[in-house]
Amino acid sequence: MLIRAMRSDDLNDVIRLWNESVAAGEVLYFPLTEAYFRRKFVESNGCEADNLLVAEAEGRAVGMIHGVAPETFPLGRPGNAYLTCLLVQRDHRGRGVGTALLNALSARMKARGAQTLYISSTNPVNLDWRIPGTPGHDHNNAPGLDTACQGCGFFPKRGFAVRYQEVAMYMDLSAYRMDASIPALQSKLAAEGIVTGPYDPAWNCGFDSMCDRVGSDYWRDVLRTEIDAWKQGRPNQDARMWADGIPPQGPRTLLTAVHQGQIVGFTGPVDLQQSGRGWFTGICTDPTYERRGIATVLFNLLMQAFVEEGARFTTLFTGLDNHARRVYERAGLRPVRQFALMALPL
């Protein structure tokens with residue numbers, strides 16, 4: 001057996017290996033085509049040809065592994081490398097192929113300055129996957145290791161430790177009905193001076209205090225980007241794939257909770273992927289305004305906005321024990337898969 005960088009003449013073997021695992025239900029990924037391969041493993045941020053390795057046996061590729069080195073991902077942290085996927089042909093399993101591939105990738109990453117190899121959502125290569133038991137509904141990223149996949153037991157035996165666990169949640173939006181209590185809760189908040197609904201940039205509200213208390217520059221950047229797009233009257237070009245492949249004609253809607261000129265909660269932006277998935281970045285509430293029902297109102301307004309935009313379904317990830325999970329479940333989302341974010345010291 002030979003571990004080496006993938007060559008162009010390996011592509012058919014890699015596609016066959018990948019699609020056999022998909023067809024057998026061993027992984028939930030999209031089937032691989034040549035175009036999809038190029039988009040994910042050649043053109044994505046951080047992709048380098050030398051970090052896609054194959055195991056050659058009997059003159060063909062019988063295993064593959066892909067990783068991203070620390071310095072090739074612009075937003076990555078120094079010392080963090082990422083494992084994207086590892087697949088071994090069924091009749092070559094149990095022969096050390098997976099271990100050899102992992103050892104070779106780990107050695108390459110360590111030589112590039114990596115201190116830790118992660119299986120994590122922060123990997124710039126996002127692998128789409130199908131939601132089990134649905135008519136092809138999808139999510140655009142697998143944030144870690146699917147704990148029900150065929151090879152789940154392999155990684156802990158090779159030194160990977162679970163750092164965090166997330167649950168994937170899903171709802172067919174044709175079944176969504178806003179609970180009758182939501183309008184009353186929205187009115188209650190309004191009586192307290194907290195206005196919930198689509199954000200109007202003319203309000204010129206601040207949001208830095210909320211982001212400081214939450215401790216998130218990510219949310220600060222999301223709000224600044226979307227609000228700036230509104231002020232300039234242009235669509236946010238960083239948006240995901242739009243319905244029918246046509247970008248929106250204007251900025252995306254943000255749903256916010258505003259009190260005394262400050263944004264104290266938000267969700268969105270409201271977006272629609274080509275697959276029919278209602279997409280958003282997440283939901284955030286100022287810690288000093290928690291337990292008032294703000295997140296519940298905003299999330300239900302988001303689901304209603306998805307329905308009005310024509311979304312057929314929505315998916316999200318949240319921490320396994322995150323209290324926000326109760327908000328999602330009350331709105332009608334259900335858990336469909338669990339993922340482990342894992343790390344291997346190098």
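Values quoted throughout were computed directly from the atomic coordinates according to the rules given, and no laboratory measurement underlies them. Not measured: the values here are computed from a predicted model. Every residue, glycine among them, receives a Cβ derived from its backbone with ideal geometry; neighbour counts consider all protein chains shown.
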Roughly what would the spin-label model give for R291 and Q165, points 7 Å off Cα along C-beta, in nm? 2.7
Most exposed to least, judged by fewest other Cβ atoms within 10 Å, M178, M171, M109 sort to M178, M171, M109
Treat every Asp and Glu Cβ in the chain as -1 and every Lys and Arg Cβ as +1, leave all other atoms uncharged, and give the resulting dipole magnitude about the Cα centre to the nearest 20 debye. 680
How would the stretch 255-346 be classified by its alpha-carbon gyration tensor: rounded, prolate or oblate, with rounded meaning a/c under 1.5 and the a/b versus b/c comparison settling the rest? oblate
How many nm is it between the label spots at N204 and A190, if each spot is 7 Å from the Cα in line with the beta carbon? 2.6
Note the full-extension length gain between R7 and T147 as 0.36 nm times their separation in residues minus their Cα-Cα distance, in nm to one decimal. 47.3 nm
Assuming a ≥ b ≥ c are the square roots of the Cα gyration tensor eigenvalues, decide whether the chain counts as rounded (a/c under 1.5), prolate (otherwise, with a/b larger than b/c) or oblate. prolate
In a Gaussian network model over the chain where Cα atoms closer than 10 Å are linked, find which of P143, P251, P183 has the largest mean-square fluctuation. P183
Spin-label point model (7 Å from Cα, Cβ direction): what's the R224 to Q262 distance in nm? 1.9
Length added when fully stretched, E48-D212, from 0.36 nm per residue minus Cα-Cα: 55.4 nm
Tell me whether the stretch 2-127 comes out rounded, prolate or oblate; compute the Cα gyration tensor, take square roots of the eigenvalues as a ≥ b ≥ c, and use a/c under 1.5 as the rounded threshold. prolate
Efficiency by 1/(1 + (r/R0)^6): what FRET value for I15 and E309, r their Cβ-Cβ distance, R0 = 22 Å, to the nearest 0.05? 0.05
